[in-house]
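Engineer: This is the structure I want to talk about, given as structure tokens.
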Amino acid sequence: MELPLKGKVALVTGATRGAGRGTAVALGEAGAVVYCTGRTTKSQSSDYRRPENIEETAAMVGAAGGTGIAMAVDHRNAAEVAALVRRIDDEQGRLDVLVNDIWGGENLIQWNMPLWEHDLEGGLRMLHGAVDTHLITSHFALPLLIRNPGGLVVEMTDGTREYNAEHYRLSVFYDLAKSAVLRLAFSQAEELRPFGCTAVALTPGWMRSEMMLEHYGVTEANWRGAAAANPHFAAISESPRFVGRAAAALATDPEVHARTGGSFSSGGLAQEYGFTDIDGSRPDCWRYLEEVQEAGLPADATGYR
């Protein structure tokens, strides 16, 4: 079994669930050592009050073929992030891939709520959780990553640069949070360029996260059963592993630096690199959203997965 990232070290933040967990496991499939961080452990829950935890994620990384290491970290806390990076340095002496996936804002979203009516405290918390955490993590992690040319930073967001530039995303706070992360990838790319390292923004499509599956009352085993509630979700959604495999494809591409500063989607990269979702398909969600769902057409993924 080929393990193209064997000997490489990755840090996946926000690895408790969703895209973070999917990415950690996908990097494990490629053989990497993956530090999985988050706030929920077997013994302590975050304010999400959900059952998923980082120890589970680390075990899944190991089962996939890599080495998973769980470490509880609140990425809003600079001291905790500094301690995390010191540990990686002490244990591995290198960092090859940084995936900034911290978010923590699902429960703070007020859909289509104008700025003057949106809960101010919740909106600002959303911004701090989406932007401050990424800045704090990169501040401490990048000096370790740039020791070796070829390092990769993946900024996980929602929406490509092109899509978000033309679409209002749920609320001013959400829109700003996701657009800021896109710009953060571009800015880091400029600062990493002299060191031969790369930064990109990456978005999943309509992702079957644990919370999304729960919302529709389905599981990963029967997710198409959500068709009655939302036929487009049942047509085009993707597992968290799909965006993870996109990150792994970038990390194993010897020419990835040509992409630095760019914005990419899981579906778009699947067409280029040839990887698939866990069901063997290649859902191209962002093209589908514009050409089918937003065009008011019936749900039909023919030609989109």
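Engineer: For residues that are in contact (Cβ under 8 Å) with a residue 24 or more places away in the chain, hydrophobic (A, V, I, L, M, F, W, C) and part of a helix (DSSP H, G or I), scanning just segment 205-241, find the one that is nearest to residue 57 (Cα to Cα).
Structural biologist: Restricting to residues being in contact (Cβ under 8 Å) with a residue 24 or more places away in the chain, hydrophobic (A, V, I, L, M, F, W, C) and part of a helix (DSSP H, G or I), the top hit is 211.
Engineer: For segment 33-73, which positions are on the phi < 0 side of the Ramachandran plot, assigned to a loop (DSSP other than H, G, I, E, B) and at pLDDT 95 or above?
Structural biologist: Selection gives 66, 73.
Residue-wise test of (1) surrounded by fewer than 21 Cβ atoms within 10 Å (Cβ to Cβ); (2) at pLDDT 95 or above.
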residue	(1), (2)
183	yes, yes
188	no, yes
195	yes, yes
205	no, yes
208	no, yes
224	yes, no
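Engineer: Still on this model: How many residues does segment 174-196 contain that are outside any helix (DSSP H, G or I) and either touching a strand residue (DSSP E or B) at 6+ places or on another chain (Cβ under 7 Å) or of a type in the set (Phe, Trp, Tyr) (or both)?
Structural biologist: Residues meeting the conditions: 0.
Engineer: A further question on this structure: If a residue has to be farther than 23 Å from residue 113 by Cα and assigned to a helix (DSSP H, G or I) to count, how many in segment 139-161 make the cut?
Structural biologist: 7
Engineer: Let me ask something else. Return yes or no: is residue 296 of a type outside the set (A, V, I, L, M), over 28 Å from residue 153 (Cβ atoms), part of a loop (DSSP other than H, G, I, E, B) and modelled with pLDDT of 95 or more?
Structural biologist: Answer is yes for this residue.
Engineer: Restricting the search to segment 65-116, which residues are among the aromatic types (Phe, Trp, Tyr) and either in contact with a strand residue (DSSP E or B) (Cβ under 6 Å, 6 or more places away or on another chain) or farther than 26 Å from residue 203 by Cα (or both)?
Structural biologist: 116, the sole residue that qualifies.
Engineer: Which residues, counting only those in segment 149-171, are surrounded by 16 or more Cβ atoms within 10 Å (Cβ to Cβ), over 11 Å from residue 263 (Cα atoms) and in contact (Cβ under 8 Å) with a residue 24 or more places away in the chain?
Structural biologist: Once the filter is applied, which keeps residues that are surrounded by 16 or more Cβ atoms within 10 Å (Cβ to Cβ), over 11 Å from residue 263 (Cα atoms) and in contact (Cβ under 8 Å) with a residue 24 or more places away in the chain, segment 149-171 yields 150, 151, 152, 153, 170, 171.
Engineer: Tell me the residue from 240, 283 that is modelled with pLDDT of 95 or more, surrounded by 14 or more Cβ atoms within 10 Å (Cβ to Cβ) and closer than 23 Å to residue 95 by Cβ, please.
Structural biologist: Result of the check over 240, 283: 240.
Engineer: In segment 162-172, which residues are assigned to a helix (DSSP H, G or I), of a type outside the set (Asp, Glu) and over 19 Å from the mean Cα position of the chain (by Cα)?
Structural biologist: 165, 172
Each row is one residue, and each column tells you yes or no for (1) modelled with pLDDT of 95 or more; (2) among the acidic types (Asp, Glu); (3) in contact with an Asp or Glu (Cβ under 6 Å, 6 or more places away or on another chain).
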| site | (1), (2), (3) |
| --- | --- |
| 144 | yes, no, yes |
| 150 | yes, no, no |
| 153 | yes, no, no |
| 170 | no, no, no |
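Engineer: Now for a separate question. State whether the residues of segment 108-121 include one that is under 24 Å from residue 191 (Cβ atoms) and of a type in the set (Val, Ile, Thr).
Structural biologist: No, segment 108-121 contains no residue that is under 24 Å from residue 191 (Cβ atoms) and of a type in the set (Val, Ile, Thr).
Engineer: Something else about it: Return the only residue of 111, 116 being touching a Ser or Thr at 6+ places or on another chain (Cβ under 8 Å), of a type in the set (Phe, Trp, Tyr) and either surrounded by fewer than 17 Cβ atoms within 10 Å (Cβ to Cβ) or touching a residue at least 60 places away in the same chain (Cβ under 8 Å) (or both).
Structural biologist: Of 111, 116, the one residue that is touching a Ser or Thr at 6+ places or on another chain (Cβ under 8 Å), of a type in the set (Phe, Trp, Tyr) and either surrounded by fewer than 17 Cβ atoms within 10 Å (Cβ to Cβ) or touching a residue at least 60 places away in the same chain (Cβ under 8 Å) (or both) is 111.
Engineer: Right, here's the next one. Which pairs do you get when a residue that is assigned to a loop (DSSP other than H, G, I, E, B), found in segment 266-284, comes within reach of a residue that is of a type in the set (Asp, Glu), reach meaning Cβ atoms under 7 angstrom, with the pair 6+ apart or on two chains?
Structural biologist: Correct list of pairs: 277/238; 283/238; 283/277.
The values are calculated or read from the model by the stated rules, or taken from the named source; none is laboratory data. None of the values given here were measured: they were computed from a predicted structure. Cβ coordinates were reconstructed from backbone atoms using ideal geometry, including for glycine residues, and neighbour counts include every protein chain displayed.
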